[in-house]
Each structure stands twice: as structure tokens, then as C-alpha cells.
Amino acid sequence: MPKSLKFCLILVLLIPFSGISKGLDSLGFISPVDHVIKLTGNFMELRPNHFHAGIDIKSTNGQSGDRIKIVGDGYISRIKIQSGGYGNVLYIDHPNGYTSVYAHLSAFTDELEAYVKEIQYALESFEVDIYLRPSQFNYLKGEKIGEMGNTGRSFGPHLHFELRETKTEKPLNPEFFGIGPTDQRSPTLESLHLHQLSAEGYIVKKEIKYFNPKSKSYRLYQDTIEVETGFLGVGLQMFDRMDGSWNKNGVYGFELFVDGKLFMSWEADEFSFDETRYINAFWDYERKQLHGQKVYLMYRARCNPFSYYKEQAGDGIIDLKDSNSKRISIRAYDLYGNESVLNFVARSTNLSKPSAPSVLVCDTTYNHSAGYFDVHFGPNSFFYPTALDINYEVKSIDGQKCPSVIIGDRYIPVNGKYHIYCPLPISDPNKWSLIKVDANGKKRQFAADTIGKKLLARPDEIGVLSLYKDTIAPSIEPISFSPTLSTPWKLKITDNLIPDGSTNDLRFMAKLNGKWIRMKYDAKNDLLSFSDKDRLPKGPLNFKLIVIDHCGNVNRYERNI
């Protein structure tokens, strides 16, 4: 049985690692659940701003509580508790050089729960990130380590399961280890997307072609398509369904052939977390933003650094200027050999050089001033040559006259973060943020620092960004308070600004009769809860809660129970 020792916190270094081999099921890993695996998400499925790093396994009945077991002998190397993200997550190192990850758990084993709780009270923090020594918690293959749940940024009970190379934390496809469902269905192709390109790689025009439903195979209404430029990039809107589930999962791989020669290929084998943001050049970002569609792009844009295309292939850009026509074949497939194929012919009707904007930003540094704002893009801030206009305007937001910078087209993806500098007003300099208002009126706050009398913001998208003064304290809404804790105490806390992922969620501190207590925070539901009966003192109870937002606005709640 595992034994609890004193905990220690250590740093993990990321070291480059190259390559994996298939057929890894011989390592003897078992399923992390007792029931037949059915997936709601598969490895490298396309998600907003990131590749999915594991597989999402359904619960047996749509509820939390399914037994989660360790897939192979190993020790717990890390325990993390978050209000968002992976929620309650365990990392287990195995002697064969791999690490298994179990996220969104509702509970750990009793011994682990007690261990984590002790640390949370010692640090007076709900969120903790604990690294452990190999001798602290050791388990044998098949032993229970927790229960399936819905914690963190999860929207239904399931297990997010990953396998990583231990030295680098690079995620690998769990299905190579024999952990996954069966699959007897071929990928479904929905539409063909054509990106007509200039010689510089600028997207001159986009066009969509649909398939003839009367055909038994995937065929366009016309086998020959005509484009107006000398270069063409193609993409497919597609998905794959697996046995036991109707979820639209990602495809495992694709190949693009031109006149019988392989031009571009990719397989969902592995990737690096350092490159997960490059998904915004791997798929058509604009189609996702506008219509929620997942379009796999089968060409590498000029400034796209994604390194996990297959080495033997090219960049996928089809050169039509030297020939009247090219025969194009696309094959999309899954791990079980099921495939879907599309064949067509492409030819150019106008080989004159298309006009492009005079200013194109892609692999060079670009600085521009507009009104209050200085905008700085480093090299390779964009994935492909981009026409970028930057202008100044004053926007009315919540009755405020907000200086705003309008940067390009909001449907153009940015590779990482860029910098915006602007002077801060004299009044309440710590209350100002750079925000973006979405179509539903929600205000998102970007990470920023105050340097001297200037705000340095680091947004990761373009569009309309505004300097906004936030003087509104977070709201606190009590929901339930049982004097005996027969049911958990619950309160709802909300803020008027939404963090962008780099800024912190709301900070809070709760005390009972002057002593810190652990309140669990469910950020997706804005919910605080307290259920530690062993921390409930006898006699009258005085509860105090302080909540602070990113701009330092404070709200307090006090209650005698």
C-alpha cells in the first residue's frame, strides 16, 4: 500500500525529445477504466487554440464516480489542483519512461485526499501544484487512484487521459499503447476548401466546394476546378466517428498527392506543448471563428513553424503556373485502416500576378503607432503574409470613452503574443486594463504589466482592443449555509471581466472564526464550496470571505452562523 511522507516542491525542466515508434501496446498498459472505452474526444483533435493532448473517456452513466485505475506500475510524481484547466489531476511516472495523466477527477483515494488537504491548509491555498519523490506514493497496475469527475474546465463527467514521454512531457497518442476504442467507420468529408495564393503566400481568395450527394464516393459536382492564381492550398472540413459514440472526433491522418507524388502528409502521433498554438495555422482559423467548422489545411503557410508534418513530404502548396492542370488526390484515414478518398483536377485560368496589399507582415518585425498606442509585432508573429492596418478610435463601453486600437482583421490568427504600449491616465493607474468585447458583449481582459506610467499588454489576438477602467468589485452571492455542514456551504463569485488565460482568475480568502479554511473553487460555474467538517469549530461561527479581481477591486462578505 502507498505510504505518505513529507511533500516537496520541485521544478521540472523540459528537454527536447525526438520520435516515437508505433506498436507500443506491447508495453503492457491497461485501460484506466473498468468499462468499454467510448470517446468524446481523441488525440490531437482540433480544439480552440490547442491540440487535444489526450483522449476523453465517457462515464458509464453520464455521472461522476467511475473507478479510475493506474494503467501500469508507477509512482505519483505530481498532483495539481486547479479551479480551471485540468481541475484535479494526477501524474504517474512509470519505470518504462512514460508518464500517465488523469484529469478532471472528482476525488482521489482517501490517503491522497488527506495528503493534499494537509498541504492546502499548510499553504493556505486551494490551488496547489505538488511534485513528489518516487518513494512517497507507489501503486501497482490496476489499483484505484481516484474517481471520474467534472472538475476544472470540463463540461461533463469524463476522464481526460494522457500518455507522455517522461523526460520531455511530450504527449503521445494513447491508442498506440492499446488504450482506446475500436473503429470501423471511415472519416467523413464535408467540404473542400481552396486557398488561392500569390507567389508570396498571401491568401488572395478563398472558395468552398461541396460533394455530390448522388455519388457513392466523394466526388465534386465537377471533377475539374479552376483557380485564378498560380498557387493553390487545399483543406478539408472533416471528422471521424468511433465505435460506441456519435461524437465528431478528429481524423488520425491525411495525405495529399499531386500528379501521383506525395506533397503533404500528417499523422496524429505526437506533438510538443510548445507548438500547440500552431494549430491556428494547421486549421482554417477564420472558418472556425466564423462558423465553428474544423477545416484541416493540407499546406504549410510561409511562416508556419509547426514541425510535425511528415518529413518525407513537401509544403503542400500546389504550383499551377507551369502546367495547365494537376491531378489532386487526398486520402484521410484512421488508425484502423478506414479511409476516405477525394480525387479532382485543378487548373489555373489566369497566370498574371495577382495584386496584393503593399504592406505584408509575416517573417519581419513590425512597429506602428496609432493614437495612444504603440504596437510591436516580433518576427513570425503571423503564420502567413498578412495585410495589416492599424488605426485609432474612441469606443463607448459601459458609458466610458475608451481609447481603442483597431488592428487588422480579427479572423487572422496570431502566432503567440505581441506587445501594446500605452500611457496610463493619472487617476487610478492600477484600475486600467486592455480588453476586447466579443459579439455577446462579454469583456475579456488581456495580461498586462504597469511599467512606469505605461501599460504593457500582451494580447494573443488582433481586432478591436480598448483601454478600459475597471472599478467594479466582484460580486458575492450566498447560496447555502448549513450550521452543521449537512450540506456544503456554497457561494457564487463573479466578475465583470473574463481572464484571457494569462491573467489570474478571481483571488479569494475565506476564514472561519479567524482561521483560514479551504474553499473549493469551480471557475466554470463561478462556485465556491466548503465541506471540511473536521475544520468546523464548536459554538458560534463567524465566516468571512474576501474576493479580489485582477484590477485590485475588493468585495467582502461576512456572516454569523
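The values are calculated or read from the model by the stated rules, or taken from the named source; none is laboratory data. Keep in mind it's a predicted model, so treat the numbers as computed, not measured. Here the Cβ positions follow ideal geometry from the backbone for every residue, glycine too, while neighbour counts run over all protein chains shown.
Taken together, L506, L497 contain a single residue that is modelled with pLDDT under 95, of a type outside the set (V, I, T), more than 30 Å from D389 (Cβ to Cβ) and surrounded by 19 or more Cβ atoms within 10 Å (Cβ to Cβ), which is L506. Restricting attention to region 85-120, the residues that are farther than 14 Å from H160 by Cα and outside any strand (DSSP E or B) add up to 16.
Exactly one residue out of K492, K511, K417 is under 26 Å from the mean Cα position of the chain (by Cα), of a type in the set (D, E, K, R) and at pLDDT 95 or above, and it is K492. Pairs are defined by a Cβ separation below 6 Å, a sequence spacing of at least 6 or placement on different chains, a first member in region 422-437 that is surrounded by 15 or more Cβ atoms within 10 Å (Cβ to Cβ), and a second member that is of a type in the set (D, E, K, R) and in a strand (DSSP E or B); the pairs so defined are P423/K454; K431/K469; W432/K469; I435/K443; K436/R444; V437/K443.
A search for C-beta distances below 6 Å between a residue of region 120-134 that is polar (S, T, N, Q) and any residue that is modelled with pLDDT of 95 or more, counting only pairs 6+ apart in sequence or on different chains, returns Q120/V128; Q120/R518. The residue of region 389-412 that is surrounded by the fewest Cβ atoms within 10 Å (Cβ to Cβ), among those that are more than 26 Å from the chain's Cα centre (by Cα) and of a type in the set (A, V, I, L, M, F, W, C), is V394.
State whether the residues of region 51-60 include one that is touching a helix residue (DSSP H, G or I) at 6+ places or on another chain (Cβ under 8 Å), in a loop (DSSP other than H, G, I, E, B) and not assigned by TED's automatic domain parsing to the domain that holds F530. Before you say what the answer is, go through the steps one by one.
Of region 51-60, the ones touching a helix residue (DSSP H, G or I) at 6+ places or on another chain (Cβ under 8 Å) are 51, 53-55.
Pick out the ones that are also in a loop (DSSP other than H, G, I, E, B) and you get 53-54.
Subset that is not assigned by TED's automatic domain parsing to the domain that holds F530: 53-54.
Among the residues of region 51-60, at least one is touching a helix residue (DSSP H, G or I) at 6+ places or on another chain (Cβ under 8 Å), in a loop (DSSP other than H, G, I, E, B) and not assigned by TED's automatic domain parsing to the domain that holds F530, which makes the answer yes.
Return yes or no: is S26 polar (S, T, N, Q) and modelled with pLDDT of 95 or more?
Working: polar (S, T, N, Q): yes; modelled with pLDDT of 95 or more: no.
No.
So, of the residues in region 78-124 that are among the aromatic types (F, W, Y) and surrounded by 17 or more Cβ atoms within 10 Å (Cβ to Cβ), which turns out to be farthest from the chain's Cα centre (by Cα)? For region 78-124, the residue satisfying everything is Y115.
Screening region 124-167 for residues that are hydroxyl-bearing (S, T, Y) and modelled with pLDDT of 95 or more and picking the one that is farthest from V33 (Cα to Cα) gives S125.
Okay, residues lined up against (1) assigned to a strand (DSSP E or B); (2) touching a helix residue (DSSP H, G or I) at 6+ places or on another chain (Cβ under 9 Å):
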| residue | (1), (2) |
| --- | --- |
| Y336 | no, no |
| V341 | yes, no |
| N350 | no, no |
| P357 | no, no |
| P379 | no, no |
| Y384 | no, yes |
| C402 | yes, no |
| V405 | yes, no |
| D409 | no, yes |
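Can you spot a residue in region 433-440 that is under 29 Å from the mean Cα position of the chain (by Cα), more than 27 Å from I412 (Cα to Cα), not hydrophobic (A, V, I, L, M, F, W, C) and not in a loop (DSSP other than H, G, I, E, B)? Lay out the reasoning, then the answer.
So in region 433-440, the residues under 29 Å from the mean Cα position of the chain (by Cα) come out as 433-440.
From what is left, the residues that are more than 27 Å from I412 (Cα to Cα) are none.
The answer is no; no qualifying residue exists.
Entry remark, region 282-299: residues being over 11 Å from H50 (Cα atoms) and assigned to a helix (DSSP H, G or I) number 7 in total. Please indicate, with yes or no, whether at least one residue in region 461-475 is under 16 Å from I548 (Cβ atoms), hydrophobic (A, V, I, L, M, F, W, C) and either crowded, with 18+ Cβ neighbours inside 10 Å or touching a Leu at 6+ places or on another chain (Cβ under 6 Å) (or both). No, region 461-475 contains no residue that is under 16 Å from I548 (Cβ atoms), hydrophobic (A, V, I, L, M, F, W, C) and either crowded, with 18+ Cβ neighbours inside 10 Å or touching a Leu at 6+ places or on another chain (Cβ under 6 Å) (or both).
Out of all the residues in region 122-143, is one or more among the small types (G, A, S) and under 21 Å from W516 (Cα atoms)? Write out each step before concluding.
In the first step, residues of region 122-143 are kept if they are among the small types (G, A, S); the result is 122, 125, 135, 142.
Cutting the leftovers down to under 21 Å from W516 (Cα atoms) gives us 122, 125.
Yes, the conditions are met somewhere in region 122-143.
Checking each residue of region 125-138 against the condition of being surrounded by 18 or more Cβ atoms within 10 Å (Cβ to Cβ), among the hydroxyl-bearing types (S, T, Y), out of contact with any helix residue (DSSP H, G or I) (no Cβ under 7 Å at 6 or more places or on another chain) and part of a strand (DSSP E or B) gives no match. Pairs meeting the criteria (first residue in region 445-465 and on the phi > 0 side of the Ramachandran plot and in the same structural domain as E393 (by TED's automatic domain parsing), second residue part of a strand (DSSP E or B) and surrounded by 21 or more Cβ atoms within 10 Å (Cβ to Cβ), beta carbons under 7 Å, at least 6 apart or on different chains) are G463/I407; G463/K436. Counting only residues that are among the charged types (D, E, K, R) and assigned to a strand (DSSP E or B), which one in region 149-169 is nearest to S83 (Cα to Cα)? Only one residue tops the list, namely E162.
Just the residues that are of a type in the set (A, V, I, L, M), surrounded by 18 or more Cβ atoms within 10 Å (Cβ to Cβ) and either in contact with an Asp or Glu (Cβ under 9 Å, 6 or more places away or on another chain) or over 16 Å from S64 (Cβ atoms) (or both), please, taken from region 139-159.
M148, L159
Please indicate, with yes or no, whether at least one residue in region 150-161 is aromatic (F, W, Y) and free of Cβ contacts under 8 Å to residues at least 60 places away in the same chain.
Filtering region 150-161 for residues aromatic (F, W, Y) gives 155, 161.
Among the residues that remain, those that are also free of Cβ contacts under 8 Å to residues at least 60 places away in the same chain are: none.
Looking through region 150-161, none of the residues is aromatic (F, W, Y) and free of Cβ contacts under 8 Å to residues at least 60 places away in the same chain.
Considering each of K261, K205 in turn, give the residue that is within 15 Å of I317 (Cα to Cα), surrounded by fewer than 15 Cβ atoms within 10 Å (Cβ to Cβ) and touching a residue at least 12 places away in the same chain (Cβ under 8 Å). Don't jump to the end; show me each part of the working.
Details: K261 fails: touching a residue at least 12 places away in the same chain (Cβ under 8 Å).
Result: K205 is the single residue among K261, K205 that is within 15 Å of I317 (Cα to Cα), surrounded by fewer than 15 Cβ atoms within 10 Å (Cβ to Cβ) and touching a residue at least 12 places away in the same chain (Cβ under 8 Å).
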